[in-house]
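Novice: Got a structure here, written out as structure tokens. Questions coming.
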Amino acid sequence: MEIIQFENFIKKIDWWYLKQYFTGRISLFRYYQNIFIKKFGAECHGIVLEVGADQTYSYNTYFPNAKEYLFSNITDDFDLILDITDMSVLPDSSIDAIVCISVLEHIFDYEKAMKEIE
């Protein structure tokens with residue numbers, strides 16, 4: 001029974017992904033994350049803020065209807081330095097959508113960060 005379930009699982013994974021995975025180009029997490037962002041990013045309009053951004057991933061390309069896409073982080077290449085647990089530097093309701101990928105697991109007070117995001 002377990003072998004049949006494994007074979008069915010393998011059949012469901014597309015071959016493009018397997019090629020990328022075995023050549024070390026993309027992780028399973030990043031692959032499906034990109035599908036999700038591409039699907040829902042087009043629904044976002046106005047100013048989009050990515051917290052904990054890494055511009056090398058170019059998530060801004062998944063938001064074609066954004067008026068502006070801002071990158072924030074505390075290191076590397078970004079548009080603004082932003083503490084996700086205290087975003088008081090931004091006026092209330094000035095951001096229309098927030099992208100937060102692989103950030104909260106690095107935040108000690110994640111509940112405070114979530115309150116700032118909402």
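Computed from the coordinates by the stated procedures, all read-outs in this text should not be read as laboratory data. Treat the numbers as computed from the prediction; the structure is a model and nothing was measured. We place every Cβ from the backbone using ideal geometry, glycine too, and count neighbours over all the protein chains shown.
Novice: Amide H neighbours of Leu70 under 5 Å, at least 5 residues apart or on other chains, H built in the peptide plane: list them.
Specialist: Val48, Leu49, Glu50
Novice: What are the GluC sites (Glu not before Pro) within the stretch 28-87 that DSSP puts in a loop, where the Cβ has at most 13 other Cβ atoms within 10 Å? Write out the running numbers ahead of the final one.
Specialist: Working: sites: Glu43, Glu50, Glu68; in loops: Glu43.
The qualifying sites are Glu43.
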